[in-house]
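Note sheet for the following structure.
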Amino acid sequence: MLTIRFARVGKKNKAQFKIMIQEKSMAPRGRHIEILGSYDPHQKKAVLKDDRIRYWIEKGASLSDTVHNLFVSKGVIVQKKRPVKIAKKAEDVKKGEEAIKKEPKIEEKSQKKD
């Protein structure tokens, strides 16, 4: 299945993204079929190949959520924006669970004093 998504390029703390079409199972920096544009989030500047983007969407390529929202804001496609949620890292979730386990319950504290 083909998907249109970002591939991060640029320096540290100065991200830029290529917008490319590739197989969904491939790594974002891996082999791609075609580069469809670029996006600079610092300047909010996008260079897009509108005709090629529409061609691949007609062929059945899916869009990542952030690319979909970028295309909607730039007027390439006319749809509603999708909500994008960033998943928590597994380490942060584990630390939160450990902190809860270490805290003694209020009931236990009152029972120990009696």
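What the table shows:
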{"item": "Conditions (1) surrounded by fewer than 15 Cβ atoms within 10 Å (Cβ to Cβ); (2) in contact with a Phe, Trp or Tyr (Cβ under 8 Å, 6 or more places away or on another chain); (3) more than 21 Å from residue 81 (Cα to Cα): number failed by residue 16", "result": "(1)"}
{"item": "Any chance residue 78 is over 16 Å from residue 1 (Cα atoms) and at pLDDT below 90", "result": "yes"}
{"item": "Every residue from region 1-13 that is touching a residue at least 24 places away in the same chain (Cβ under 8 Å) and either crowded, with 17+ Cβ neighbours inside 10 Å or part of a strand (DSSP E or B) (or both)", "result": "2, 3, 4, 5, 6, 7"}
{"item": "Test: residue in region 9-17 that is closer than 17 Å to residue 63 by Cα and at pLDDT 90 or above", "result": "yes"}
{"item": "Those residues of region 63-76 which are surrounded by fewer than 17 Cβ atoms within 10 Å (Cβ to Cβ) and either of a type outside the set (Ser, Thr, Tyr) or outside any helix (DSSP H, G or I) (or both), in sequence order", "result": "65, 72, 74, 75"}
{"item": "Single match in 21, 33 (criterion: out of contact with any helix residue (DSSP H, G or I) (no Cβ under 8 Å at 6 or more places or on another chain), without any contact (Cβ under 8 Å) to a residue 60 or more places away in the chain, closer than 12 Å to residue 56 by Cβ and surrounded by 11 or more Cβ atoms within 10 Å (Cβ to Cβ))", "result": "33"}
{"item": "Subset of region 47-62 (residues that are surrounded by 10 or more Cβ atoms within 10 Å (Cβ to Cβ) and either small (Gly, Ala, Ser) or at pLDDT below 90 (or both))", "result": "61, 62"}
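Conditions (1) in a strand (DSSP E or B); (2) among the charged types (D, E, K, R); (3) under 16 Å from the mean Cα position of the chain (by Cα), marked per residue:
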{"site": "17", "(1), (2), (3)": "yes, no, yes"}
{"site": "27", "(1), (2), (3)": "no, no, yes"}
{"site": "43", "(1), (2), (3)": "no, no, no"}
{"site": "55", "(1), (2), (3)": "no, no, no"}
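The values are calculated or read from the model by the stated rules, or taken from the named source; none is laboratory data. Given the structure is predicted, the values throughout are model-derived calculations rather than measurements. Note: ideal-geometry Cβ built from the backbone for every residue, glycine included; neighbour counts use all protein chains shown.
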